[in-house]
1. Just report the Cα centroid separation between segment 500-528 and segment 29-90, whole Å.
2. Considering segment 97-276, what Rg and Dmax in Å follow from its alpha-carbon atoms?
3. For Gly134, what is the net charge nearby, where nearby means another residue's Cβ is under 14 Å from its Cβ and Lys, Arg count +1, Asp, Glu -1?
4. Could you tell me what fraction of 2.2 N^0.38 Å the Cα radius of gyration of the chain comes to, as a two-decimal ratio?
5. Only helical DSSP H runs with n ≥ 4 go in: add -39500 (n - 2.57) per run for the chain, normalise by residue count and round the 222 nm mean residue ellipticity to 500 deg cm²/dmol.
6. When only Cα pairs under 8 Å and 6 or more residues apart are kept, what is the percent relative contact order across the chain?
7. Between Asn479 and Glu289, how high is the FRET efficiency from 1/(1 + (r/R0)^6) when r is the Cβ-Cβ distance and R₀ = 56 Å? Nearest 0.05.
8. In what order do Ser340, Ser173, Ser501, Ser152 fall by count of nearby beta-carbon atoms within 10 Å, going from fewest to most?
Amino acid sequence: MTKVLVSDPIDQAGIDILSQVAQVDVRTGLSPEQLVACIGEYEGLMIRSGTQVTADVIEAASHLRIIGRAGVGVDNVDVPAATRRGVIVVNSPEGNTIAAAEHALALMLSLSRHVPHAHASTMAGGWDRKTYVGNELYKKTLGVVGLGKIGSHVARVARALGMDVAAYDPFISAERAQMLQVRLLPLPQLFAEADYVSLHLPRTPDTENLVNAALLATMKPTARLVNCARGGIIDEQALADAVENRVIAGAALDVYAKEPLAADSPLRLVKERLILTPHLGASTEEAQENVAIDVAEQIRDVLLGLPARSAVNIPGLTAEVMELLKPHLQLAETLGLLLSQLAGGQISELEVRLQGEFASHPAQPLVVAALKGILSAALGDSINYVNATLEAKERGIHVLEVKDDASRDFAGGSLQLSSRSPRGNHSVTGAVFTDGELRITTIDEFPVNVTPSRHMLFTRHRDMPGIIGQLGSLLGEHNVNIASMQVGRRIVRGDAVMVLSLDDPIPPSLLAVIHGINGIQAAHPVTL
Ligand SMILES: NC(=O)c1ccc[n+]([C@@H]2O[C@H](COP(=O)([O-])OP(=O)(O)OC[C@H]3O[C@@H](n4cnc5c(N)ncnc54)[C@H](O)[C@@H]3O)[C@@H](O)[C@H]2O)c1
Ligand SMILES: O=C(O)CC[C@@H](O)C(=O)O
């Protein structure tokens with residue numbers, strides 16, 4: 001029975017979905033050693049932010065096919081290691097957007113009105129109405145850093161609260177910002193102008209310690225900073241100093257460079273004007289149900305052999321694209337498998353040419369499918385859509401994509417793969433006909449019209465009387481049944497190709513005899 005490990009607390013709705021297709025073991029709080037020891041039993045792993053899926057875990061995960069992160073960030077998963085092993089990593093890009101945005105807004109409001117500190121003082125017996133005089137958000141400027149899903153929602157609500165909203169996001173268009181009624185500003189200007197800054201960008205090598213002592217020093221002394229995105233974007237010592245020394249008026253954090261927050265973190269020493277929550281941005285009942293369902297459905301689908309909706313390590317290959325391009329992907333994979341057998345391995349360059357209607361499709365998924373086909377001849381089942389690009393790169397296959405929409409060879413267009421290898425150059429073209437059937441339409445530039453079948457034989461020969469007869473008799477003598485035969489040539493009595501679909505594979509001893517037929521220049525048995 002297929003087994004899935006759930007190693008962090010996950011909403012029951014997700015467990016119920018996984019249970020439809022697998023035995024689900026919920027084992028939270030495993031040590032890294034315990035996880036490495038048991039992961040080999042599982043085909044699926046479902047986590048939140050607590051489990052660290054390191055390269056060691058992936059190395060030990062001999063049966064693992066999918067890691068599902070019930071949330072957005074996959075920074076606790078070694079995605080390159082998973083990709084290398086062909087393990088799909090999926091997440092839930094939108095399930096907790098509202099929860100995280102509302103938490104940022106809650107922190108902003110709490111900070112402005114000193115809610116946690118006023119509460120603590122009242123609970124301790126006080127009645128202090130002077131210390132906790134706050135500020136209004138109305139007519140203040142909010143600077144949003146990262147205007148993606150969460151940042152956009154924060155911006156919308158802030159606009160409704162009467163705030164002026166500016167943003168810094170180098171990857172957002174002016175039109176999108178205008179639609180959200182947000183002014184785009186350079187980062188230094190945003191920090192200098194804002195009364196509130198809210199961070200909603202990912203942690204990457206570029207954003208690490210982006211908010212440092214120098215940037216904090218440019219903020220207004222009345223300004224407040226909120227980070228509900230990722231730890232490590234703010235220099236925590238610099239922030240503790242800035243709040244303590246009133247360089248800024250306050251800060252609220254939900255995320256930390258290292259989680260759980262260390263007992264001796266300088267942040268814990270700041271007693272006023274700083275609010276800390278323990279990574280609660282996604283912790284609403286609604287968000288936990290959303291992400292659990294979203295990710296469990298994807299794990300279930302992948303275990304059933306279906307595509308995943310939001311795989312982070314198969315760029316461009318969403319379930320929708322897979323469904324839309326199913327026969328085209330199949331064609332690319334078949335042509336790749338065929339080409340690798342014609343080329344005889346060691347391909348150093350692959351050109352993927354999308355011709356006519358084909359050029360209207362995204363090239364990347366077709367390239368990945370072609371590479372999967374090419375590499376599966378050598379690597380079998382260990383190659384998949386996840387690791388094909390990486391494996392090809394590591395084998396030194398240089399890929400060129402060409403879109404040629406002017407070509408008018410077939411109504412639905414065609415796909416041509418051409419290879420360079422030490423044994424020569426080869427090319428194959430194929431098309432998807434209206435009935436969804438695949439056809440091979442050229443081999444090494446010779447026109448043919450062949451439906452791919454499991455066993456095939458391709459020859460290059462001189463177009464002269466007797467060759468076809470000799471080959472047919474030879475196959476008959478060795479009990480190899482011919483299902484169909486096609487000959488392609490460009491000029492009479494010139495070079496030609498022959499394509500035979502066979503019911504049986506060609507025995508190696510027979511191949512040597514075929515090579516000996518006068519006029520046969522090359523013969524390639526192919527298994528698809
Ligand atoms: N606290 C929580 O529990 C919690 C919950 C969900 C998400 N998050 C985090 O919130 C952040 C935002 O999530 P999202 O779903 O909105 O992601 P998103 O991908 O929709 O948006 C991120 C935005 O950041 C922008 N960006 C990237 N690099 C930038 C840079 N150097 N400067 C400025 N902008 C940059 C991107 O262009 C994008 O628009 C992520 O870090 C995510 O991990 C935290
Ligand atoms: O509560 C969690 O699992 C963390 C959620 C959040 O940081 C995310 O990346 O989705």
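Values in this text are rule-based calculations from the coordinates and carry no lab data. Note that the structure is predicted; figures quoted are calculated from it, not measured. Counting neighbours? That spans all protein chains shown, and the Cβs are built from the backbone with ideal geometry, glycine included.
1. 45 Å
2. Looking at segment 97-276, its Cα Rg and Dmax stand at 15.7, 53 Å.
3. Values: positive: Arg113, Arg129, Lys130, Lys140, Arg224, Arg273; negative: Asp128, Glu136, Asp195, Glu272.
Residues near Gly134 contribute +2 overall.
4. Details: Rg = 30.4 Å, N = 528, 2.2 N^0.38 = 23.8 Å.
Cα-based Rg divided by the globular estimate yields 1.28.
5. Values: 18 runs with 177 residues, N = 528.
Calculated from helices alone, the mean residue ellipticity at 222 nm is -10000 deg cm²/dmol.
6. Numbers: 1093 pairs, mean separation 60.0, N = 528.
Relative contact order comes out at 11 percent.
7. On the way: r = 62 Å, r/R0 = 1.10.
Here the calculated transfer efficiency is 0.35.
8. Details: Ser340 26, Ser173 11, Ser501 19, Ser152 23.
Lowest count first: Ser173, Ser501, Ser152, Ser340.
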